[in-house]
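Visitor: Okay, handing you the structure first.
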Amino acid sequence: MTSQYVNILKELTRRRGVVKPLNERVDRLRKFVVESEVKLSVERAKLITEFYKRGLGRGKSVPVQRALAFKYLMENVSLPVEPGQL
């Protein structure tokens, strides 16, 4: 590890002790986000595949295709609501 990286880690640790959450709910949500494992989404994979198979971005540059695929994903994906989020 570089000394710069170590210094950044020290600063982040220090700030975590200084910055207090607004309330208990925000603290719970923050811990949930920070401590949760990354999950693979079959639904996301299906939607992105569907976008490209249907040719919805055909003829566009790669960055534009990616942006359109993301737009398609956001318009069609179901959003899970975790406990305590509402």
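Just so it is clear, none of the values below were taken in a lab; they were calculated from the coordinates. Here the structure is a predicted model, which means the values were calculated and not measured. Neighbour counts are summed over all protein chains in view; Cβ atoms, including those assigned to glycine, are modelled from backbone coordinates with ideal geometry.
Visitor: Could you list, in sequence order, the residues of the stretch 21-30 that are without any contact (Cβ under 8 Å) to a residue 24 or more places away in the chain and either within 23 Å of L73 (Cβ to Cβ) or within 15 Å of the chain's Cα centre (by Cα) (or both)? Before the answer, list the steps.
Guide: Going through the stretch 21-30, the residues without any contact (Cβ under 8 Å) to a residue 24 or more places away in the chain turn out to be 21-24, 26-27, 30.
Of everything in the stretch 21-30, just one residue is without any contact (Cβ under 8 Å) to a residue 24 or more places away in the chain and either within 23 Å of L73 (Cβ to Cβ) or within 15 Å of the chain's Cα centre (by Cα) (or both), namely R30.
Visitor: Only one of (1) outside any helix (DSSP H, G or I); (2) touching a residue at least 24 places away in the same chain (Cβ under 8 Å) fails for L79. Which number is that?
Guide: L79 satisfies all of (1) outside any helix (DSSP H, G or I); (2) touching a residue at least 24 places away in the same chain (Cβ under 8 Å) except (2).
Visitor: Being over 15 Å from the mean Cα position of the chain (by Cα) and on the phi > 0 side of the Ramachandran plot is the requirement here; does G84 meet it? Give the steps one after another, and end with the answer.
Guide: Details: over 15 Å from the mean Cα position of the chain (by Cα): yes; on the phi > 0 side of the Ramachandran plot: yes.
Here the answer is yes, as G84 does meet what is asked.
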